[in-house]
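Encoded as C-alpha cells, the structure appears first; notes follow it.
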Amino acid sequence: MAWNEAAPTRGMQVPKTRGFGRNYLKTAMLMSFLIAILAIGGQMVGGTSGMLLFGFIGLVFNFFSYWFSDRIALMAHRAQPVTREQLPEVYDIVERLTKKAGLPMPRIYVIPAATPNAFATGRNPSHSAVAVTEGILRILDRRQLEGVLAHELSHVRNRDILIATIAAAVAGLIASLGHMIQWGAILGGFGGRSSDDDRGNVFAALAWALLAPIIAMIVQLAVSRSREFGADASGAELSGDPDALADALLALEQSNQVVPYPYGGPATAHLFIVNPFRGAGSKFLSLFSTHPPIEERVRRLREMRRMTRYA
C-alpha cells in the first residue's frame, strides 16, 4: 500500500530495520572484546587467580553503583519529582507508551535547567525514572516530546543501564590493572629478571598497561553509542513516528550547543538523549564521544520513515 503523505505517522507500525539487530550484535561483540582485554591483563598481573580476585572486588563496587544508580543520577542533576497535576502532558504520554510497551509506569522528574534534554535511569523497569529538563518542555511540541520519551523508555526496556554499568565496570578494571602494572614497574616489581623471555614479558605487560585502558575507554564509548542507536530505533517503533524523534534530535542538538547545561559533568553525559557537555566535533573526536553523530542518528530515523512509506 502506498504511503499517504497527508496521514500522520504517529501510531503507525514502523518496521524493524536491519540495523536494529546489528546494534545488539555490535554491543555483544564490543563487550566480549572488553572482557578479552581484561582477561589478558589479569593474566599478566597475577594469573587466573589474580584476575578473579581483582574482578570480584571491582564487581562488588560496581554492584553498589548500579543498585543506587538512579538516586545518584537524579541527585547529581537536582531532579525533582513531579505529580500528574504538575505535569499532565508528560504523564499522559509516558502512561500511553508504557502500556504499549508493557512496562510499569516510571517515576517522573523535572530538572530545573533551561538546557533542553532528558534521560532515563534505574536498575530495572520496576525501579526506573524519567527526567526531563524545563527547557525541553519549552522547545518541543507534543509529537517531538513523545519521540524523546519513547527513546528514553526504550533504554529502560532494553536494559541499557545494566549494559552501560557492566561496560564501565570492565573498563574501570582494565584501567586499574594498567595502573598496577605501571606502578609495579616503577617500584621495581619486575626487577630481578634477566632472561630474554622475562624481559619480553615485562615489555608486553607495560605495552598492555599503556594501550589497554585507552582501547577499553574507546570500546566502552562505542557500547554507549551503539545503545543510543538501539534506543532510537526501538523508540521510533514504540512511538510509530521516526520523523518526530529525528526532528527532536536536531532541535536538541542545536539548543545544547547554545545553552550550557549547569549540573553534573562529562561522566554523566551518556545518560542524556544528546550530549549536553560538548559542541560539534571532528570524526576523530567522535571516537571519544558517548553519543553517535546527530546527523547519522537522523539519517537512520529518516530511513525508517521511508521504509514505512511502502509498508
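The values are calculated or read from the model by the stated rules, or taken from the named source; none is laboratory data. All values derive from a computational prediction rather than experimental measurement. Note: areas computed on protein heavy atoms with side chains; ligands, DNA, RNA excluded. Shrake-Rupley method; radii C 1.70, N 1.55, O 1.52, S 1.80 Å.
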When the chain is fully extended, how far beyond the present Cα-Cα distance does Phe68 get from Met29, taking 0.36 nm per residue of separation?
11.3 nm
Determine the gain in length on full extension of the stretch Ala76-Gln254; use 0.36 nm per residue of separation and subtract their C-alpha separation, reporting nm with one decimal.
61.7 nm
Carbon and sulfur atoms account, in whole percent of the 1.4 Å probe accessible area of the range 55-174, for 62
